[in-house]
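Working notes, beginning with the structure itself.
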Amino acid sequence: MNHAGLLRRARPERALTFKGEKSMIPPRLIFNKTGMKILDQRLLPDKVKFLAVKDASGTAKATRDMALRGAPLIGCAAAFGFALEMRRLAPKTSAEIEKQARRTADLLKAARPTAVALFYATDRMLNLALAFAAAHPGKLFPAARRRFLVAMDKEARLVSAEDEKACRDMGAYGAALLPRKCVVMTHCNAGALATMGIGTAVGVITTAHKKGKIKHAYSCETRPYLQGARLTIWELMREGVPSELITDNMAAHIIKTCGVNAVVVGADRIAANGDTANKIGTYALAVIAKYHGVPFYVAAPTPTIDKHASDGTAIAIEERSTEEVTYVKGARIAPKGVKVRHPAFDVTPASLITAIVTEKGVINPVTRANILKNVSR
Ligand code: MRU
């Protein structure tokens, strides 16, 4: 039986196909002449609904509120949000372009601090706008104004297309690293839902699955925001990967007793020496993997590598609302007035990472020099 048939049988209510997409996962961002539609990931896996956004502040709000999330997707949304804002403001002079583009960039960059893709994509849009302004000093004639908006749209679409291709390439490089009959574990959601393509870490797993290499995949639930429970396991099920959901505190036991022979995760920011910021709990998983001699792989496109961060100490760690820890689906699970910490990310030292997979190849061993070589390919 084919893959879609299996899903139809197992979960009739989820047997959706998404028009124009080969993927079993709904489109994350739809950008067109009228604006942008953002898949509201807060409602998954129960509802597939889209939020309509028309400008940069709507994009920034959707990012802050986690309607969209995942490092590469945050970057792509910012690029589209930038283009929408330029359409809305329709600058008439080079000075207006400069002023409005800088303000837009500041607004988008303030949405979340850790994922460097947000800064990368926003800066690409900003730099293009500034270059256009420099090349067209003074008042802009209508034709130049149109050309500016077309250039903005085109650049945003390019950021997204590059992400989609990077996912495919990482999938191929990463799948080649996994052994046959692989039992793999992943954390958070580094899947299609975090990107415009097949995903980073989950893309590696689904690519390996299509090659018949995956015996079993474990998804950690990823407290407190539960991206693993709500999103990753849903993706794995929809893609037909034999898989189980575990709570984060089961990881050591499962790795020790269930033959796990690879851990693959994504990344939000990788420092120049390979120290990697990813969803809180990733560091613990890397320590467990090292103890058990299980290879620990990071899959992330090169815009995730921040050459300005010399090591992990230079990476800003987002602290999110304490209610994400004390409440689950609106129900309080801790005493009223409790003091809470909520760092949303942690940094895994490079020494615990077996290899980093980018769209340009595999970095192994993870050293400053090898990272530089990979990025400049
Ligand atoms: O807070 P989120 O859901 O935006 O965090 C996303 C992650 O940390 C993912 O694990 C991922 O590795 C980065 S996106 C491919």
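Please find, among Ala156, Ala161, Ala192, the residue that is buried (at least 24 other Cβ atoms within 10 Å of the Cβ), more than 14 Å from the ligand (Cβ to nearest atom) and more than 15 Å from Ala262 (Cα to Cα).
On inspection, the qualifying residue turns out to be Ala156.
May I ask you to list the residues in segment 40-55 that are in contact (Cβ under 8 Å) with a residue 24 or more places away in the chain, touching a Lys or Arg at 6+ places or on another chain (Cβ under 8 Å) and part of a helix (DSSP H, G or I)?
The one that is in contact (Cβ under 8 Å) with a residue 24 or more places away in the chain, touching a Lys or Arg at 6+ places or on another chain (Cβ under 8 Å) and part of a helix (DSSP H, G or I): Gln41.
Out of (1) closer than 24 Å to Glu221 by Cα; (2) within 16 Å of the ligand (Cβ to nearest atom), what's the single condition that is false for Pro27?
Result: Pro27 fails condition (2) only.
For residues that are within 14 Å of the ligand (Cβ to nearest atom) and either charged (D, E, K, R) or over 28 Å from Gly281 (Cβ atoms) (or both), tally how many sit in segment 164-189.
1
Out of the strands (runs of 3 or more DSSP E) lying entirely within segment 290-377, which hold 3 or more residues that are farther than 30 Å from Arg42 by Cα?
Hits in segment 290-377: 361-363.
How many of the residues in segment 56-92 are within 16 Å of the ligand (Cβ to nearest atom), touching a strand residue (DSSP E or B) at 6+ places or on another chain (Cβ under 8 Å), outside any loop (DSSP other than H, G, I, E, B) and hydrophobic (A, V, I, L, M, F, W, C)?
So the answer is 5.
Considering Lys373, Lys360, Lys339, Lys307, which residue is among the charged types (D, E, K, R) and under 25 Å from Val202 (Cβ atoms)?
When all the criteria are applied, what remains is Lys360.
Are there any pairs with C-beta distances below 8 angstrom linking a residue in segment 63-81 that is farther than 18 Å from Arg320 by Cβ and not assigned by TED's automatic domain parsing to the domain that holds Lys37 to a residue that is modelled with pLDDT under 95 and part of a loop (DSSP other than H, G, I, E, B), with the two at least 6 apart or on different chains, and if so which?
Pairs that qualify, where the first residue is farther than 18 Å from Arg320 by Cβ and not assigned by TED's automatic domain parsing to the domain that holds Lys37 and the partner is modelled with pLDDT under 95 and part of a loop (DSSP other than H, G, I, E, B): there are none.
What single numbered condition from (1) over 18 Å from the mean Cα position of the chain (by Cα); (2) closer than 15 Å to Cys188 by Cβ fails to hold for Tyr283?
(1)
The values are calculated or read from the model by the stated rules, or taken from the named source; none is laboratory data. Computed from a prediction, not measured in an experiment: that's the story for all the values here. Every residue, glycine among them, receives a Cβ derived from its backbone with ideal geometry; neighbour counts consider all protein chains shown.
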